[in-house]
Amino acid sequence: MEVIKQNISLSNRIEEAFNAKKLKQSDLVKKYDYLSSALINKFFNTQKTVTNHLIRLCIDENINLDWLCTGRGEMFITNKLYNKQEEKTSDLLVGSNLNSVHEPNLEYNSISNQLIVDIKKLSLKRQKYYYHRVKADLIDEES
């Protein structure tokens, strides 16, 4: 079951997944000995706040969210790493045939171009922030 919802918090996604499985918080505590009621409550009720603070802290301290969530890549964002990730992100956003006359989806190109123009208007810090928010969503969807 693939459901793509933007702008919902991790805690909302957790709750939605367990509701779909018809599992209650108390069922999870009974089922898994490593979970406590307090921890489950955090997952369902306060995770959004924790996640937002964690993302902001990582951006402020140049900690690579991909590394933090998965253990992949470099621990810290350096200019070299950021530029490399920025290039990959641009390739993903724009596609390799952006200026191709044969590109069938001109609306996609227009949206991609406008997105890049808008992103470049932001400060480098805000660019990093949104890059990592998107990256976190992608990692979330892979799980």
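The values are calculated or read from the model by the stated rules, or taken from the named source; none is laboratory data. Computed from a predicted structure; not experimentally measured. All Cβ positions, glycine included, derive from the backbone under ideal geometry; neighbour counts span all protein chains shown.
Quick look at the numbers
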{"read-out": "Near pairs, Cβ below 9 angstrom, 6+ apart or cross-chain, from segment 57-81 (under 11 Å from K128 (Cβ atoms)) to any residue that is polar (S, T, N, Q) and at pLDDT below 80", "value": "N62/T78; N64/Q85; I77/Q85"}
{"read-out": "Any hit, segment 76-91, residues being modelled with pLDDT of 80 or more and assigned by TED's automatic domain parsing to the domain that holds A136", "value": "yes"}
